[in-house]
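What follows is a short report on a single structure.
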Amino acid sequence: MKSPLLSLPGAVPGEGTDEGVAAHYGDLFREQRALADGTGFVDLSHRGVVTVSGADRLSWLHLLITQHVSELPPGQATEALILSAHGHIEHALYIVDDGETTWAHVEPDSQGDLIAYLESMKFFYRVDVADRTDDYAVVHLPAGSITEAPEDTVVRETPHGRDLFLPRARLTDFAEASGPAIGVLAYEALRVEAHRPRVGLETDHRTIPHELGWIGSAVHLEKGCYRGQETVARVQNLGKPPRRLVFLHLDGSEVTLPAHGAPIRLASEGEEGRQLGFITSSARHHELGPIALALVKRNVPVDAELIADSTAAAQETVVEP
């Protein structure tokens, strides 16, 4: 879905996962600084929006997702995962309930598969699942923003800022009143800095929640059964995950950033050494320079110097080995 805000001056379209919204509006670092200072907004209108209504919505969702939501108070934000039967991450849901309807935004173009799964699990529960992506756009206001959400807008407030479920027809008017518009590359750079994983980038077909530090924030360890819970409990109680998320400071002399999937190796072994992991996200940060997140094997020493393709990388621990 192509955002109308791509017509704003200086807008450069995003690519890949973030196609459909602006990557930036002409000055990436200025936009990052504005976002870090709590000004402007980010157009995330390419993300999927799913709602669940009905008297049983919270008790029903509680049975399906990794988070404890059976008694979720109205207005309280949370996040949750849907796992495969083997405990691998399939979806991440960013959730808020308004007292009558549970709202969630999800990765672009993933809402169809999510809704198909939810519909298959309805059985006799009094719930109604709907794809609201055509009607509602997600807009992000950074932490510290004094911009007021339009009246009757559903708001999901977190330590990182507020996500608005804004009627899509009001997106252009909101942009005119609440600028400056900030591209998704600035938002992603601050996400990488904050070590926050994203499905489809930090995950592959076998990623489990422990590898990304999602235990606690998105996975509640003291709730009833859900699909994939056996894997979560077994790894939590009896073992360690096979991989771990790390934060990388990249060599700033390189012109290009290592792409998603770029192999990680020990610097001491060079570019022909054993592959120990891969880059999941990379960004240019206005203060830190080039940075990245990567998944590496658990037994990689925490003080090891690494290379991503041919780029030198110093690691910081995100998930303990």
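Below are the figures for this structure:
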| item | result |
| --- | --- |
| Residues of segment 137-157 that turn out to be farther than 15 Å from F41 by Cβ and touching a residue at least 12 places away in the same chain (Cβ under 8 Å), as a count | 1 |
| Any hit, segment 158-165, residues being farther than 25 Å from R57 by Cα, open to solvent by 30 Å² or more (accessible area, probe 1.4 Å) and out of contact with any strand residue (DSSP E or B) (no Cβ under 9 Å at 6 or more places or on another chain) | yes |
| Residues located in segment 1-31, provided they are among the acidic types (D, E) and more than 15 Å from R47 (Cα to Cα) | D27, E31 |
| Residues (open to solvent by 30 Å² or more (accessible area, probe 1.4 Å), touching a Leu at 6+ places or on another chain (Cβ under 6 Å) and not β-branched (V, I, T)) located in segment 137-157 | A149 |
| Boolean, V199 is open to solvent by less than 10 Å² (accessible area, probe 1.4 Å), touching a residue at least 60 places away in the same chain (Cβ under 8 Å) and not charged (D, E, K, R) | no |
| Residue within segment 147-154 that is hydroxyl-bearing (S, T, Y) and either under 16 Å from the mean Cα position of the chain (by Cα) or under 18 Å from P74 (Cβ atoms) (or both) present | yes |
| Enumeration of residues in segment 167-187 that are closer than 26 Å to D135 by Cβ, assigned to a helix (DSSP H, G or I) and open to solvent by 20 Å² or more (accessible area, probe 1.4 Å) | R168, A169, R170, T172, D173, E176, A177, Y187 |
| Options L288, L293, L245: the member that is in contact (Cβ under 8 Å) with a residue 60 or more places away in the chain and open to solvent by 50 Å² or more (accessible area, probe 1.4 Å) | L288 |
| Restricting segment 89-142 to residues that are part of a strand (DSSP E or B) and polar (S, T, N, Q), the residue that is farthest from the chain's Cα centre (by Cα) | T101 |
| Failed item, numbered, when T39 is tested on (1) touching a helix residue (DSSP H, G or I) at 6+ places or on another chain (Cβ under 7 Å); (2) buried (at least 16 other Cβ atoms within 10 Å of the Cβ); (3) part of a loop (DSSP other than H, G, I, E, B) | (1) |
| Those residues of segment 267-285 which are open to solvent by 40 Å² or more (accessible area, probe 1.4 Å), in a helix (DSSP H, G or I) and touching a residue at least 12 places away in the same chain (Cβ under 8 Å), in sequence order | A267, S268, E271 |
| Any hit, segment 257-278, residues being within 21 Å of the chain's Cα centre (by Cα) and more than 21 Å from L185 (Cβ to Cβ) | yes |
| Qualifying residue in segment 84-105 (condition: under 24 Å from L8 (Cβ atoms) and among the acidic types (D, E)) | no |
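The values are calculated or read from the model by the stated rules, or taken from the named source; none is laboratory data. All values derive from a computational prediction rather than experimental measurement. Ideal geometry is used to build each Cβ from the backbone, glycine not excepted, and the neighbour counts take in all protein chains shown. All accessible areas refer to the heavy atoms of the entire protein, side chains included, with ligands and DNA or RNA removed. Shrake-Rupley method; radii C 1.70, N 1.55, O 1.52, S 1.80 Å.
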